[in-house]
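Below is one structure, written out as structure tokens; comments come after it.
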Amino acid sequence: MDGECVKLLPQLCKVLAVSGKSLPDDTSLEKLLDWFSGLTNLGTGLVEACPCLPAFISTVIHNASPDPTILSFTFKLTGLLAATESSFKLLQENSLLLGSVFDPPHRWQEAGFWDDPCVRIGWVQGIRAMLQHPPALHFLVESDFTKVLLRLQTDTSLFVAAAANDVLAHILVTQSQLSGKCVDMEREEKSSIGKTVTMDADVQRLALTLGSSSDYATVVMAILEHVKASLVSKENKERHQTLQGLRLLIVVFGQARAPLLGILLKAVSEPLEALVAEGHSQLHLLLLDVLLTAYSCSSHDNPTTGQHNPTRDQVLNDPDSGQPADSLISHMLDTYKPPELIHAGAALLRRDHRDLSHKAKAAGLLLLPLEMITGLTLPGTQSAGSAEQRCSLAELMNSKTPCISLLCVCLTHATLLTCTPPDVLPCPIGSLVTVILSLLRICSGQAPISPIGSSKAYRNLIGCGKVQRCSLEALTALAVSPGAAERMSEVFSVLIEYLDNPDSEPTVLHKSYQTLLKWISVLPVPSSSIRDTLGQVVRKRVCDVRWEVRDSTVEFLGDLAALSPSNDSAQCASENPLVCSFTPHLVEALQDPESYVRASAIKALAQTFTLGWQQGAAPSQQQTALVKQLLDILSGDTEGFPRRAVIRYFSSWFSLWSQNAPGLPPPRSSSSSSSSSSSSSSSPLLLTSSVGSVLSLGSADLDWEVKVHTLELARLLLHRALSPLGASASLSGSDAASPRQPAPHPYAVTGQWAGPGGQGEAGDADPGGALAGLVEQGVLAVLLSGLFDCDRPVALKACGLLMDLRDAVCPTPAGAAPSAAVAAVTCKLQGCSWGKEVEALLERAGVVANGSKGEGSKGCDWTGDEEEEEEEGGGSVRVCDVLRSLDLDERLSVLSQSSDHVQNSPLSLLQDILSIGDRHADPNSQEVIVDCY
């Protein structure tokens, strides 16, 4: 523990203990507990190392009017200190301090503190923290705190009730193992406080089997009796107790193992049967969760190893364990009302219940509402629901709200139906697709009223966007299912109808585009007539008055163009007449008044021109004009989304060109590229002539994300230049695997600085030329500008890239000198926003710039010609000197830390809390803002 913190702890405890001096920010107390907890986990004995803490606890407990927040904090702190046996004994010996702290709450009730939920939850969490060893359980039983926990288990505050549930489950499951460590086991039928307890034979057998003391048996019996009593309550005012009892069983059944599981099941089987028989609608889902948690196939597996647990199977199949859950679930499915019935079927499939007959019935239940609405007969629904349940369901479907709700449940779980074996779901996937298409037609008002279907339900569903979206999502999921191709033409027809429908909501249109794209990616467009119709519909939607519709349409065209050319069912962008015919509309969308649409149009254009980049085709006049328009957006658009999209456009362009021309030297400028081979003089000319402007504009942008994307483009250029030097190994590491990245801070920005992936082909190693090219292009200027940027993600990424450059061209061993070609490369610092920062670092390193400082320099002139610089009067410095003087390793360490790594320290936290005392002492002082999460 920090010595400064130890010195401040007594004073801090004094401030906290003073009545009425509560903190304005309660989270500071939680941070204090987190710090104490961390020290305890490291093995620090807080009671021995900080005697002021027990004294603080005693002061608060004996205070006649403690602050409720401080009292709650004291409960939690006491439990934390008593979590180890040694500290527990010390606190017990300290004038029975534990008994005074967790005194039966009638004391706090008389004082009026127990009415505050924060006090009750502090008490519960303190008990929970302490219950880590058998002596703590003995203390719980001896003090008769089990009754308090059981009362709080049905507390009106859900937070308190949930915390009490957690403690009780911890006692039942975890304490059974901890109590088994006791050597001196009491096997009499008397508790440790001398009270006679009539133990249930099974509970006593459990205690003996686990080698536990009677403390554990006493607690188990009390909890079981409480749960049994809560489950048989029938009055509405007691329904809350039943709900909490079921929630406790769900937590315990999910963790318990044999023999505890069998005893618990036997103890609660009768009240569970009674609840199932009563059929309370408010309890049906919790009841089903209890049964599925205890008996489902997944619960038979070891949660740690995933292996089958035969001992647990034996417990579940033991007739002495009570009524099997299968019969209870069958009873629920036979007697529940339609709404609960549908939800139960969905839960059975969602939890992957092991019984195939129940699975088949659940699948039929989910198909039944779809069959009733559409009038189409579906195999597998014949045995779903009794005649009475079917009549009740048909009547319910005529009401709008329950009809929509049940249909959405059925459609949401349609994907689970495709995962069931054929013997469970005899309904073919093609029939399910047909039913969903029919439902979509009903919702759009295009389907005639079926004599079998419900006419009232038809009217309720027309224009219902919720059902339409759920149907489209289900249709998307079914695209990859076997047998879906049989309904391909119908699917495309219905989706085009939706896209053409003027009443379709923007969200429904967006879902329609997504569904259509999914089906196109799996199956080919069936006919040219459908393609022509789709083209007409999309042409109308790209000019829609609603910007959401325009945005979805532009996104669809870009995603359609991006479909992999290797997929036989997908058309390449240049061969897809639908995409090519809409390129002018995408260019026009660059002028859209909505920034989201402009950004989507830029992305779609990048995807449309991908094939041309890959083949190195000569840029068309349209592409040349587009590049100019994109640069105008980057320099003048007032919204950040389009500007970010422009940078990503050029990054994608350069990345694809580099992948398809790996042997070519890195482009520098339009003039130098004119002497390149004819194979590289088309697309690279247009690209390299604009890269400099993109880098300059992007690095000067006010949006930090634009600057990060600009650095990504600089990374690609850096990789292109350095890969012939054999530097790919140092540049190819991912963010998580890079060897130089320090251990991540919990709040640190990650994934922003590591070198690029991929590897170009090695060419002639010319480090001096590569470095000069990077300076000439402006890459070095972008990196240095980013290094001194006020946004940490930008500086972090720039720092990593500069380290890559330094390691590639400048030797790192002490005293090593760079090659003559590399040493000759210089850069000019004057006129740049970061120039003074670099000059100051160079002066401290003893590096003197060449030439004199010129006056009136306007911007950065990056060149390797020293004579020209001296004639202009500007100072220059060698690039290697700059890279070595920046102390990049130290900068990376600092940038990788949290932005509040200083203010969020334990010492700072203690100082903030202490400042509260000063504020109370001086009423005229300003309010202190304490560090919080």
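Structural remarks
- Scanning the range 670-697 for residues that are surrounded by 23 or more Cβ atoms within 10 Å (Cβ to Cβ) and either modelled with pLDDT of 95 or more or of a type outside the set (Gly, Ala, Ser) (or both) yields Pro684, Thr688, Val691, Val694, Leu695.
- One residue from Lys518, Lys511, Lys466 being part of a helix (DSSP H, G or I), open to solvent by 10 Å² or more (accessible area, probe 1.4 Å) and farther than 28 Å from Phe582 by Cβ: Lys466
- Close pairs from the range 43-60: first within 11 Å of Ser86 (Cβ to Cβ), partner small (Gly, Ala, Ser) and part of a helix (DSSP H, G or I), Cβ under 6 Å, at least 6 apart: Val47/Ser87
Yes or no, residue by residue, for (1) modelled with pLDDT under 80; (2) surrounded by fewer than 19 Cβ atoms within 10 Å (Cβ to Cβ):
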residue: Gly875; (1), (2): yes, no
residue: Leu883; (1), (2): no, no
residue: Leu886; (1), (2): no, no
residue: Gln897; (1), (2): yes, yes
residue: His901; (1), (2): yes, yes
residue: Asp931; (1), (2): yes, yes
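- With respect to the stated conditions, Leu137 fails to be aliphatic (A, V, I, L, M), more than 23 Å from Leu907 (Cα to Cα), assigned to a helix (DSSP H, G or I) and open to solvent by 40 Å² or more (accessible area, probe 1.4 Å).
- Yes/no for Leu731 being more than 28 Å from the chain's Cα centre (by Cα) and at pLDDT 90 or above: no
- Filtered residues of the range 333-359 (kept if within 16 Å of Thr381 (Cβ to Cβ) and β-branched (Val, Ile, Thr)): Ile342
- Looking across the range 37-57 at every residue that is among the aliphatic types (A, V, I, L, M) and open to solvent by 40 Å² or more (accessible area, probe 1.4 Å), the one that is nearest to Gln92 (Cα to Cα) is identified as Ala55.
- Residues that are under 34 Å from the mean Cα position of the chain (by Cα) and under 27 Å from Leu907 (Cα atoms) occur in the range 83-93; there is at least one.
- Hits in the range 101-134 - residues which are closer than 25 Å to Val173 by Cβ and open to solvent by 40 Å² or more (accessible area, probe 1.4 Å): Gln125, Arg128, Gln132
- Residue within the range 212-223 that is open to solvent by 30 Å² or more (accessible area, probe 1.4 Å), more than 29 Å from Ala346 (Cβ to Cβ) and at pLDDT below 80 present: no
- Residue in the range 610-669 that is farthest from Leu711 (Cα to Cα), counting only those that are small (Gly, Ala, Ser) and at pLDDT 80 or above: Ala625
- Residues located in the range 342-367, provided they are touching a residue at least 40 places away in the same chain (Cβ under 8 Å), within 21 Å of Cys391 (Cβ to Cβ), open to solvent by 10 Å² or more (accessible area, probe 1.4 Å) and over 31 Å from the mean Cα position of the chain (by Cα): none
- Test: residue in the range 542-560 that is at pLDDT below 90, open to solvent by 20 Å² or more (accessible area, probe 1.4 Å) and of a type outside the set (Gly, Ala, Ser): no
- Scanning the range 58-100 for residues that are aliphatic (A, V, I, L, M) and surrounded by fewer than 17 Cβ atoms within 10 Å (Cβ to Cβ) returns Ala64, Leu96.
Residue-wise test of (1) in contact with a strand residue (DSSP E or B) (Cβ under 8 Å, 6 or more places away or on another chain); (2) at pLDDT below 90; (3) more than 19 Å from Val494 (Cβ to Cβ).
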| position | (1), (2), (3) |
| --- | --- |
| Glu395 | no, yes, yes |
| Asn398 | no, yes, yes |
| Ser405 | no, no, yes |
| His413 | no, yes, yes |
| Pro421 | no, yes, yes |
| Cys443 | no, no, no |
| Ala447 | no, yes, no |
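- Here is the figure for the range 394-422: residues that are closer than 14 Å to Leu432 by Cβ and small (Gly, Ala, Ser) total 1.
Rundown of residues vs (1) at pLDDT below 90; (2) small (Gly, Ala, Ser), yes/no style:
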residue	(1), (2)
Pro68	yes, no
Phe75	no, no
Thr78	no, no
Lys89	yes, no
Ser100	yes, yes
Gly112	yes, yes
Gly126	no, yes
Pro134	yes, no
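- Residue within the range 153-160 that is surrounded by 22 or more Cβ atoms within 10 Å (Cβ to Cβ) and in a loop (DSSP other than H, G, I, E, B) present: yes
- All helices (runs of 4 or more DSSP H) inside the range 42-86 with 2 or more residues being under 25 Å from Leu137 (Cα atoms) and among the aromatic types (Phe, Trp, Tyr): 68-81
- Top-ranked residue in the range 479-508 [being of a type in the set (Ser, Thr, Tyr) and open to solvent by 50 Å² or more (accessible area, probe 1.4 Å); ranked as nearest to Ile530 (Cα to Cα)]: Ser489
- Qualifying helices (runs of 4 or more DSSP H) (wholly inside the range 245-338; at least 2 residues being modelled with pLDDT of 50 or more): 260-278, 284-295, 325-335
- Identity of the residue in the range 349-381, modelled with pLDDT of 85 or more and not hydrophobic (A, V, I, L, M, F, W, C), that ends up nearest to Cys410 (Cα to Cα): Pro369
- Residue in the range 20-37 that is among the acidic types (Asp, Glu) and free of Cβ contacts under 8 Å to residues at least 24 places away in the same chain present: yes
The values are calculated or read from the model by the stated rules, or taken from the named source; none is laboratory data. A quick note: this is a predicted structure, and the numbers were derived from the prediction, not measured. Every residue, glycine among them, receives a Cβ derived from its backbone with ideal geometry; neighbour counts consider all protein chains shown. Just the protein is used for accessible areas: all its heavy atoms, side chains included, with ligands, DNA and RNA removed. Shrake-Rupley method; radii C 1.70, N 1.55, O 1.52, S 1.80 Å.
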